[in-house]
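Shown next, in structure tokens, is the structure this report addresses.
The values are calculated or read from the model by the stated rules, or taken from the named source; none is laboratory data. Given the structure is predicted, the values throughout are model-derived calculations rather than measurements. Every residue, glycine as well, gets a Cβ built from its backbone with ideal geometry; the counts of neighbours run over all protein chains shown. Just so you know, the surface numbers come from the protein's heavy atoms only, side chains and all, with ligands and any DNA or RNA stripped out. Shrake-Rupley method; radii C 1.70, N 1.55, O 1.52, S 1.80 Å.
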Amino acid sequence: MKITRIETFAVPPRWVFCRVETDDGLVGWGEPVVEGRAATVRTAVEELSGLLIGEDPRRIEHHWQRLTKAGFYRGGPVLSSAVAGLDQALWDILGQSLGVPVHALLGGAVRDRVRVYGWIGGDEPREVAEAARGQVEAGLTAIKMNATGRWDRLATPAGLREVAGRVEQVRTAVGDDIDVAVDFHGRVGPADARRLLQAIEPFTPVFVEEPVLPELAMHLPEIVRSSVVPIATGERLFDRASFRTVLDAGVAVAQPDLSHAGGISEVRRIAALAETYGALLAPHCPLGPVALASSLQVAFATPNFLLQEQSIGIHYNDGSAELLDYVVDRKPFAFPGGSIERWEAPGLGIEVDEAAVRAADAHGHDWKGPVWEHPDGSFAEW
């Protein structure tokens, strides 16, 4: 079996899919993207394709090593995201060629279903109680919200009370049987992270995500010690070496993204590393169906898995397109009781609607993240 063609597609709202075709008719799909840098990642995929065309797609680890290490300059979000999408597609092909799901190739399933969560409130959260009730009525047993919108360099007393009040509204709306995760999104500094953790601690979040920016990871030990709230991070970390620092700091939940952190191959290793620290896995995934399918395959086979993010109805989609628009059969993504049942279909286990993908790519997208400013006109973290 040889790889004969690799294509990429920019599909709304902000995703990139890649299609890897073989000479015996098997096709694998991946999702390589850095949100807001889609065109750059497509170019990286094209550059890396020269290492794969004419090769046997089933030698996944061999290809992963070459894709990540054959250049003198290595790593970073663009390269690791390009590798991630190609890696997903190769696992998809291998599973199809053997007639088994990817999780069977990762050692077999350790669970029957994967618990998922959904977003509420948007980037500048509002009306969170009503949105939380809506997600629970839709069947979810876990939700996530941003703690803040635009944030001062140091919090005012009113700002701290506002955040605590929002989290309290959600907890009151959904009760104690629903898990509520709170995302700081790297918007606050280390001092405010500690203050906000103490302010929302009474409302028992399941975890607080990305309390500070990745480059401020040296502050994570003191942040972890400052509260009993579990700390999660990792969406902007792209390899297992980067996770060593945050796991050493005592974070409770590792959050690699299957479309950023080297794909199924590397995230599986990150999960194993986290397990040695007693940490749990909750893959980041505000993305499309291929990224979610890849995440689920890892979750089915990973002992220390906790929760899976999914983007159905997320605010980033903004009505332009949804995850389910690009698959032939939507039923596998249903979450009765708040969980997605394990799939046994071969490969990634989904059928991408190729006609819909090609039609969407004809229009493409140019999604960019917001650029925020402080009241004085200086740059503010989004």
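Points to keep in mind about this one:
- Residue within region 223-231 that is open to solvent by 40 Å² or more (accessible area, probe 1.4 Å), closer than 30 Å to Gly36 by Cα, not small (Gly, Ala, Ser) and not in a helix (DSSP H, G or I) present: yes
- Exactly one residue out of Ala356, Ala291 is aliphatic (A, V, I, L, M) and in contact with a Phe, Trp or Tyr (Cβ under 7 Å, 6 or more places away or on another chain), and it is Ala356.
- Single condition Ala359 does not satisfy, out of (1) surrounded by fewer than 18 Cβ atoms within 10 Å (Cβ to Cβ); (2) outside any helix (DSSP H, G or I): (2)
- Where a residue in region 113-136 is in contact (Cβ under 8 Å) with a residue 40 or more places away in the chain and its partner, wherever it lies, is surrounded by fewer than 17 Cβ atoms within 10 Å (Cβ to Cβ) and small (Gly, Ala, Ser), with Cβ under 7 Å and at least six apart: Gly118/Gly313
- Count of region 316-336 residues which are open to solvent by less than 60 Å² (accessible area, probe 1.4 Å) and in contact (Cβ under 8 Å) with a residue 12 or more places away in the chain: 10
- Scanning region 305-320 for residues that are within 18 Å of the chain's Cα centre (by Cα) and not charged (D, E, K, R) gives Phe305, Leu306, Leu307, Gln308, Gln310, Ser311, Ile312, Gly313, Ile314, His315, Tyr316, Asn317.
- From the options Ser339, Ser311, Ser294, Ser378, residue that is open to solvent by less than 70 Å² (accessible area, probe 1.4 Å), on the phi < 0 side of the Ramachandran plot and in contact with a Pro (Cβ under 6 Å, 6 or more places away or on another chain): Ser311
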